[in-house]
Amino acid sequence: MAKQGKTGPSGRQRFFLIVLVLALASLGLAQLARYTILKTDAEASLALAVVGPMSGADAPIGASLRRGAELYVDMVNQSGGINGRRLALDALDDADDPDTARRQAEALAAGGVVGTVGHWRDAAARAAAEVYAREGLPAILPAPLSERPLPVGADGRAVFSTSFDLEHQARFLANYARNVLGHRLISVIQDEALFSGTLAAPFDATYRRFGTAIRYTWRFDSGSPTLDEDLARIVSELEDRKDAGALFLAVDDRAGARLLRLIRDARLKNVIVAPTTLTTSAFKAALADALPPGADRAGYTDGMLAATPLLFDTANETAQVFGNRYRQRYGEAPDWVAAYAFEAMHLMVSALQRLPEEALDASPADLRTAVRGFLGGLDAPEKALPGIAGPRSFDTEGRAVAPVLIGGYNGIDMVSALTQLQPIRGGGRTNYIEELRKGKVLYVNDRFMYRTNVVYTGLELKDVSELSVDDNSATLNFVIWFRYRGDFEPQDVVFSNAVDDIVLKDPIEVQQIGDMTYRAYRVTGKFLLNFTQTQRFYGSHVLGVSFSHRKLNRNNLLYVVDVLGMNLASGGSVLDQVRDDQALNPNMGWIAERAWVSQDIVRKSTFGDPAYVGYTANSPEFSRIDLGVLVKPGQAQARDFVPDEYFLYVGIFGLLGSLVAVWMDRQGGRRFWGLQSWLLRLVSWPLLLTSAGNMALESSFRNLEGYYIDMIVTVYDILWWIVPARLLGLALERFVWLPLEEHTGRTIPNVVRVFASATVYSLAVFGIVAFVYDQKITSLLATSGLLAMIVGLAIQANISNIFSGIVLNIERPFNVGDWVKIGDLDEGRVEDITWRTCRIKTRNGYVISLPNGQVSESQVHNFNSYKHVRLELAVEVDARYNHETIDEIMTHVAEKLPNVLRDPAPEARFTGMRWSYGGWVATYEVQIWIDDYGLREDIEEATHSTIWDELIDSGIHPSPDTLEGRHSWKVSFRKRTSGGDQSVLGGDGTGNTGFGPGEGNQGFGGRDDDGGGGGGGGDG
């Protein structure tokens, strides 16, 4: 037996193999794009580092540095990196040790790191800074350092500081405590090991300049093994010194936490003024460790004032966004250390982002040179780079121009103090003495500073009743409140994005508690959308309000966000409030994605106010509050599930899938490959359209004007109707028309194909008009309906026949060549079936053309439905003969006939008796089966003749004994029909044949013995 050859894979296996190859090819091209176009591999990445105390007692500081830096790096990478190159961040531990910090700096300088951020204490930072300066590695130090100059290398400045120095901070605090708080009695508790020369001495010297000496000074060494005993001794002495006055704590976070516990446990009421070391998350962690379990930390910090580089309630939108993202990622509020690490990384990355794309492929040494040059170029306020702490620039010593802010602990949370000091910029008023007498300015750290009133401001959005993208406006209802000290009108504001002027007239609530005033107002009005420079994607919008004081600039008035009044300090967010209040009704079709309240300093028009015009005029910079809500359409979008960088990968798969579908169409096996290629298109085309559309929209939204963006969006939306219409058209062709043609063996008329395609694309056009162009389609539908009605009436019959033809070809009640009887028409043979008519040739030789509509509504007898059909022939014989004998004779005769089937076998049945021609006749029925209905007449004739002959030969005279008084006999053969029995043969005993009336029968006369003509008849 010969072996069968190996068969190839089946069609289904080949399809899965193609899909697998397609997936692998897409993955390969995606990786190629990643390594070439996007350049996201490790070799194409740009290396940065953050260094700090990642372990040890100051580990919380290191965690803040690392988190702030990595949060910014991740944000950049999620948005595609820098020209497709990802940022790689190394986090190194210097343990706050100078020798370790120096070794880490040398390792970074020898590697491929482009820049570094970090270090905390002055000794460790300066040890590393010497290496950075010598090797030309750009470094940004976000911690407050001593005022000693930063090192400069042979290639220029490489080390920069973004915070004020410790001595400047101490002098500022002394000025604030003496001139703002009015504390003439103050004592100092200082850590000799860390801050005796950087905090305590400058503070003491500043107080002495005002003619006031420090009342008491207590010293301790934080490295001493008897630290706890030393601190307890200091507090014990403080209890005895009732004239110690306010306290300035020149201490670090750990010693400060222990000291604060001892002071509060002793129930001492001294006002405490502290440096930035007591405003970090490390201080809060140290305080939690210092207190017994379950102790109320808020009671220990409440009322303490401290210097800080950043207050989130006075910070801009960038800081608010940072704070929200930090909470979402790490589950806790950030401190200023994390924020300054975030901003330092922003400065470093901004230098790289401004390089040409080809320059990013340069060596690390060249990239370091470019970063140093960029940071060094920020050498004037007008060249400042916007950042998380406001505009950021550096002086000639590489230090940032950073104001010292005063915050107060309200419980465990820090908020802005009610008075802030703002530096006076050059070009302002020159009569500083007069301003000093009025109390509007103070002389702080060898310069004049404005004494600025702080107003706590809160907003709560209650309702968005209307949002119109076409009008670029939204109708908002919100509550705004002010809490302040002093005699002025902070509610005299201008809403910069209000469509109509809004005046705050009658407050809904007014309270006066001591010297603190509270006023709240309810506002309803229409406000313009997208009033900020908030980064957003196409289709999203920013709604909200923006306001500043009508006349008072930043020198006189500073709005700060009332984080306590808005319940933002306890971990809540503005977005939570918007959602909880259901300010944005989901039925409007918009969802709030992000929300914030921020403060910023902006320049605005003063409409020629003389106070702000001229060389000696005030600066037209005002404190502004923004309430913003970023909203997006309520329906799900691709970018909600797919990161932006993956759209290119999705597009590659969609393009390859489309090309493979074209190749599959050219293969054999139209039915199988047609289905698979259509399914592949069903997946590939939407993916390709989604990826290409989102990439085009994102690019155009950033680089093109709104008019061109709208054109691209319109084309994109139209394609989302055309592509499904095309897919549906292909489905009709492949899964309806082609299978129907194969089934019927006939070509579908073009009019049917065109009509179906026109219907599909008409629906697509209606969708485009209604949903893309937002136009009513009532008139279009009416016009189309009228036209369709006119055309339909004109071709109604043809359409009916065509669709009936489709039904007939699908149901197949008969085929060409079948013998059929349709309705009351003569039976005939089906000659042809078209999409409009059926042609039937009768036995008489003429052709009947029947419209398909008529055929589908008539009864159809198909004599070729099965393999054989039964004929029933009626026979009448004189009743005197035994019926069993007659049955046997006729059955035997039928079995011998040609073209009569033996299986099923012929059969004769005695069906009864009836009166005929004056006598009784017995009726019989002969049943025969045939497989060729076209021979029916011949078979019937042969059956009649043979039975007649056989009966005569058997001596059976098949007629009764009477006919007009004569002895006669007759046999008749009758075919049973639906209208009655039809006699086919008759004769009398005399041999006469003839015709005569009969009872529903037509008789044929036989020949009589005398040669005369007999009469046959039928019953009347």
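The values are calculated or read from the model by the stated rules, or taken from the named source; none is laboratory data. Because the structure is predicted, anything quoted here is derived from the model rather than measured. All Cβ positions, glycine included, derive from the backbone under ideal geometry; neighbour counts span all protein chains shown. Calculation scope for accessible area: heavy atoms of the full protein, side chains included, ligands and nucleic acids excluded. Shrake-Rupley method; radii C 1.70, N 1.55, O 1.52, S 1.80 Å.
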Check: Farthest toward the dipole's positive end in the range 155-226, which of PHE164, GLY182, ALA201, given Cβ charges of +1 (Lys, Arg) and -1 (Asp, Glu) about the Cα centre?
Finding: GLY182
Next item on the list: Write down the Å³ per residue value for the convex hull defined by the alpha carbon atoms of the range 152-231.
Entry: 134 Å³
Item checked: Taking the convex hull of Cα positions in the range 39-107, its mean projected area over all directions (nm²) -> 4.8 nm²
Notebook entry, point to check: Between ARG103 and LYS551, what is the FRET efficiency for a Förster distance of 51 Å, r being their Cβ-Cβ separation, to the nearest 0.05?
Noted result: 0.35
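Which whole-number percentage describes the relative contact order of the range 42-91, with Cα contacts under 8 Å and a sequence gap of 6 or more?
50 percent
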Margin query: If I model a spin label as a point 7 Å beyond the Cα along the Cα-Cβ vector, how far apart are those points for THR475 and VAL642 in nm?
Written below: 3.8 nm
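Distance cut-off 21 Å, Cα to Cα: go down the list LYS505/LYS604; LYS821/LYS896; LYS242/LYS269; LYS383/LYS604; LYS821/LYS867 and report the pairs above it.
Pairs exceeding the cut-off: LYS505/LYS604; LYS821/LYS896.
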Check: Once fully extended, how much extra length lies between MET711 and SER762, figured as 0.36 nm per residue of separation less the alpha-carbon to alpha-carbon distance?
Finding: 16.1 nm
Notebook entry, point to check: HN-Hα J couplings of the range 596-606 from phi, Karplus 6.51/-1.76/1.60, θ = phi - 60°, integer Hz, Gly and Pro as x?
Noted result: 7, 10, 9, 10, 8, 9, 10, 9, 9, 5, 10
Checklist line | Check: the range 450-565 dipole with +1 on Lys, Arg Cβ and -1 on Asp, Glu Cβ, in debye | finding: 420 debye
Notebook entry, point to check: So how much slack lies between PHE755 and ASP515, counting 0.36 nm per residue of separation and subtracting their Cα-Cα distance, in nm?
Noted result: 78.2 nm
Margin query: Tell me the relative contact order for the range 163-291 as a rounded percent, counting alpha carbon contacts under 8 Å between residues six or more apart.
Written below: 27 percent
Checklist line | ³J(HN,Hα) computed for each position of the range 152-162 - Karplus, 6.51 cos²θ - 1.76 cosθ + 1.60, integer Hz, glycine/proline x | finding: 10, x, 5, 8, x, 6, 10, 10, 10, 10, 9
Note to self: 5 Å is the cut-off here: which amide hydrogens, built 1.01 Å from N in the peptide plane, fall below it relative to ASP90, excluding neighbours closer than 5 in sequence?
What the structure shows: LEU48, ALA49, VAL50
Notebook entry, point to check: When the Karplus curve 6.51 cos²θ - 1.76 cosθ + 1.60 is applied with θ = phi - 60°, which whole-Hz ³J(HN,Hα) does each residue of the range 387-401 get, with x for Gly and Pro?
Noted result: x, 5, 10, x, x, 10, 9, 10, 8, 5, 9, x, 9, 6, 7
Check: Heavy-atom accessible area of MET711 with all protein chains present, probe 1.4 Å, nearest 10 Å²?
Finding: 90 Å²
Notebook entry, point to check: Can you work out the FRET efficiency for the pair THR778 and GLU358, with r the C-beta to C-beta distance and R0 = 56 Å, to the nearest 0.05?
Noted result: 0.45
Notebook entry, point to check: Relative to the present Cα-Cα distance, how much length would full extension add between LYS604 and ARG148 at 0.36 nm per residue of separation?
Noted result: 160.3 nm
Next item on the list: Calculate, for ALA193 and SER55, the FRET efficiency according to 1/(1 + (r/R0)^6) with r their C-beta to C-beta distance and R0 22 Å; round to the nearest 0.05.
Entry: 0.60
